[in-house]
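Encoded as structure tokens, the structure appears first; notes follow it.
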Amino acid sequence: MKWTVGLLCLISGCLLAQGQVTPKGAMISWETARHDFGDIVQGEKVEHTFTFTNTGDQPLVITNVEVTCGCTTPKGWPRDPIMPGHNGELTVAFDSTGKIGRQNKVVTITSNATGTINQVLIIINVLEKNLPDN
């Protein structure tokens with residue numbers, strides 16, 4: 001009976017220690033992964049720069065940035081590796097021409113980062129442009 005209790009304590013201790021292990025590799029930690037532009041008028045162009053930190057223990061390499069439609073454009077991201085503890089920026093532009101109402105645009109970042117899929121989101125409410133009366 002004593003050896004059973006000892007074995008259970010040993011297994012529990014190993015499981016607890018495993019739960020505290022930090023993942024190896026590059027990791028992206030966003031300052032904020034979402035930006036709400038609020039209301040803009042149809043035809044306006046806006047952009048936002050997202051800031052992130054490589055919180056992993058290996059260099060972070062971003063290989064691609066994908067958008068959900070042609071109205072959203074990734075304007076810039078680091079092409080060189082981002083060392084652990086260092087910051088980077090991703091700038092995303094939105095053109096509201098031909099859009100109306102609430103817009104939710106997802107930007108997906110492909111990299112060597114461990115963990116979940118890395119995405120940022122921009123939210124915009126496009127108001128109809130008032131045309132002058134003739």
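The values are calculated or read from the model by the stated rules, or taken from the named source; none is laboratory data. No experiment lies behind these values; they were computed from the predicted model shown. Every residue, glycine among them, receives a Cβ derived from its backbone with ideal geometry; neighbour counts consider all protein chains shown.
Screening residue 18 with (1) modelled with pLDDT of 95 or more; (2) outside any loop (DSSP other than H, G, I, E, B) gives one miss only, at (1). Of note, residue 40 satisfies the criterion of being more than 16 Å from residue 113 (Cβ to Cβ), at pLDDT 95 or above and not in a loop (DSSP other than H, G, I, E, B). Quick one: would you say residue 65 is surrounded by 17 or more Cβ atoms within 10 Å (Cβ to Cβ) and either closer than 30 Å to residue 130 by Cβ or acidic (Asp, Glu) (or both)? The answer is no for residue 65.
Among the residues of the range 61-112, the ones that are farther than 22 Å from residue 42 by Cβ and either in a strand (DSSP E or B) or over 15 Å from the mean Cα position of the chain (by Cα) (or both) come to 24 in all. Inside the range 29-66, residues that are under 14 Å from residue 105 (Cα atoms) and touching a Lys or Arg at 6+ places or on another chain (Cβ under 7 Å) make up a count of 1. When the test is whether a residue is among the β-branched types (Val, Ile, Thr) and exposed (fewer than 13 other Cβ atoms within 10 Å of the Cβ), residue 28 does not pass it. Just one residue in the set 82, 123 is closer than 19 Å to residue 26 by Cβ and either surrounded by 14 or more Cβ atoms within 10 Å (Cβ to Cβ) or in contact (Cβ under 8 Å) with a residue 24 or more places away in the chain (or both); that residue is 82.
On inspection, residue 117 passes the criterion of being loosely packed, with under 13 Cβ neighbours inside 10 Å, on the phi < 0 side of the Ramachandran plot and at pLDDT below 95.
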